[in-house]
Amino acid sequence: MSIKLILDAYQGKKVHKVPWVPYAGVHCAYLIEESAEVYLQNPDLMVKGVLQAAQRYQVDGIPLLFDVSVEAMSMGCEYKWNSDNAPTILSHPLAEQSIEEAALKIPTAEEGRWPILIEAGKRIMEEKGDWALLGLCCGPLTLASHLRGVKLFTDMVKNKPLAKEIITFCGEVCAHSASIYRDIGCEVIGIVDPVASQVNPVIFKEFEVPACQPALEVIRSAGRISSFLTCGDASKVMEEICRLGVDSFSCDEQVSLTYARDLALKYGLGFTGSLNVAQSLTLGLMDPGKDTLVSMAAGGMTGYILAPGCNMPYHVPPENVLKVLEAKEWFEKFFAKYPDHVPPGYLTLK
């Protein structure tokens, strides 16, 4: 564990050892034998779960939580608690109303679940070891889809002023979330936007890029590290993600890790990924150890952080995660490293 190691990697620097960040989320609740519903409403349990996961999995970094429902719940969206997952958002207040008509405002740190998260986060910061705590905000497009529903996707083509208004507002909410995680003390603050993989590069550049800037300014001005996380096949928008102004990005197994690596090297960014969450970590249909070796060989030693492709489900067998650690240790001990310096003329293409 080394906080300097992980912060260097998140900034795209060459490191002597690949950092490891399990996106544990509600899996932390599973480790302490609590339901996700009970865990996410109890700061004592959240502290216990995160610290236990950090110790058991020998992390270099771990999220406070991985849950894109926090902001929407704080703004009055109807929701359903789940025993083995984050809450599900049920209602979309902007489906038939404007922001003004729905009386939506940027939630304060005293609303919704924020007081629970703030208490848990501050206590974890006081008790944690030499590793980074990640604060993850719901991204503008995902929050906009919570508030507007599926109509958002039509709006971005046929009613751009309305879409712009909603997504810009959601960007301001994201910035406020970033300020909360900043005040907790999180060393890395990420924007989590699963919906970003569902739009094309033109839409991403027009709506997502400007909406993310307020949050990135909060993170940058506080001297913290920024990251952008999405799920699914985000290959078509990966280059735009690299141009967002973040320090790093995360991708899942549907994006080629070598492609992500080459983009990260091109833009001087850190990048995380991309252990297969379903086939490897959860079901074990792929050997988690072999999955780890392939990922680490592809990722390299510059700016790379080993991580699951996305949020780890509640029921991930801990023994599968421990296989990741065993393979990582083997890789670091036996796998041949590329030389830092290649002699002039060596393997030079004429």
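The values are calculated or read from the model by the stated rules, or taken from the named source; none is laboratory data. Computed from a predicted structure; not experimentally measured. Please note: Cβ atoms are built from the backbone with ideal geometry, for glycine as well, and neighbour counts cover all protein chains shown. Keep in mind that these areas ignore ligands, DNA and RNA; they rest on the heavy atoms of the full protein, side chains included. Shrake-Rupley method; radii C 1.70, N 1.55, O 1.52, S 1.80 Å.
Observations
- When 324, 316 are checked against the criterion of being modelled with pLDDT of 95 or more and in contact with a His (Cβ under 6 Å, 6 or more places away or on another chain), 316 stands alone in meeting it.
- Taking the numbered list (1) more than 25 Å from residue 60 (Cβ to Cβ); (2) over 16 Å from the mean Cα position of the chain (by Cα); (3) not β-branched (Val, Ile, Thr) in turn, residue 197 passes all entries but (2).
- Residue within the stretch 48-55 that is within 14 Å of residue 311 (Cβ to Cβ) and more than 20 Å from the chain's Cα centre (by Cα) present: no
Yes/no per residue for (1) among the small types (Gly, Ala, Ser); (2) open to solvent by 60 Å² or more (accessible area, probe 1.4 Å); (3) in contact with a Phe, Trp or Tyr (Cβ under 8 Å, 6 or more places away or on another chain); (4) in contact (Cβ under 8 Å) with a residue 40 or more places away in the chain:
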{"site": "199", "(1), (2), (3), (4)": "no, no, yes, yes"}
{"site": "203", "(1), (2), (3), (4)": "no, no, no, yes"}
{"site": "208", "(1), (2), (3), (4)": "no, no, no, yes"}
{"site": "237", "(1), (2), (3), (4)": "no, no, yes, yes"}
{"site": "240", "(1), (2), (3), (4)": "no, no, yes, no"}
{"site": "248", "(1), (2), (3), (4)": "yes, no, yes, yes"}
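- Residue in the stretch 97-111 that is closer than 17 Å to residue 174 by Cβ, outside any loop (DSSP other than H, G, I, E, B), open to solvent by less than 50 Å² (accessible area, probe 1.4 Å) and modelled with pLDDT of 95 or more present: no
- Tally of residues being in contact with a helix residue (DSSP H, G or I) (Cβ under 6 Å, 6 or more places away or on another chain), part of a loop (DSSP other than H, G, I, E, B) and open to solvent by 10 Å² or more (accessible area, probe 1.4 Å) across the stretch 61-81: 2
- When the test is whether a residue is β-branched (Val, Ile, Thr), in contact (Cβ under 8 Å) with a residue 12 or more places away in the chain and open to solvent by 20 Å² or more (accessible area, probe 1.4 Å), residue 218 passes it.
- Flag for residue 137 being assigned to a helix (DSSP H, G or I), open to solvent by less than 10 Å² (accessible area, probe 1.4 Å) and in contact (Cβ under 8 Å) with a residue 24 or more places away in the chain: no
Conditions (1) modelled with pLDDT of 95 or more; (2) over 15 Å from the mean Cα position of the chain (by Cα), marked per residue:
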residue: 243; (1), (2): yes, yes
residue: 251; (1), (2): no, no
residue: 272; (1), (2): yes, no
residue: 284; (1), (2): no, yes
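- When restricted to residues that are surrounded by fewer than 23 Cβ atoms within 10 Å (Cβ to Cβ), farther than 22 Å from residue 334 by Cα and in contact (Cβ under 8 Å) with a residue 12 or more places away in the chain, the stretch 306-322 contains 5.
- Counting residues in the stretch 294-305 that are among the β-branched types (Val, Ile, Thr) and open to solvent by 20 Å² or more (accessible area, probe 1.4 Å) gives one or more.
- The residues of the stretch 82-96 that are open to solvent by 20 Å² or more (accessible area, probe 1.4 Å) and either touching a residue at least 24 places away in the same chain (Cβ under 8 Å) or part of a loop (DSSP other than H, G, I, E, B) (or both), listed by number, are 82, 83, 84, 85, 89, 90, 91, 92, 93, 95, 96.
- Residue list for the stretch 219-261, restricted to those being in contact with a Pro (Cβ under 9 Å, 6 or more places away or on another chain) and at positive phi: 232
- Residue ID - farthest from the chain's Cα centre (by Cα), chosen from residues in the stretch 156-179 that are among the β-branched types (Val, Ile, Thr), over 17 Å from residue 244 (Cβ atoms) and open to solvent by less than 10 Å² (accessible area, probe 1.4 Å): 166
- Whichever residue in the stretch 125-141 is at pLDDT 95 or above and farther than 28 Å from residue 210 by Cα and, among such residues, is nearest to the chain's Cα centre (by Cα): 131
- Residue in the stretch 114-122 that is among the charged types (D, E, K, R) and part of a loop (DSSP other than H, G, I, E, B) present: no
- Residue within the stretch 226-238 that is farther than 24 Å from residue 18 by Cβ, at pLDDT 95 or above and among the aliphatic types (A, V, I, L, M) present: yes
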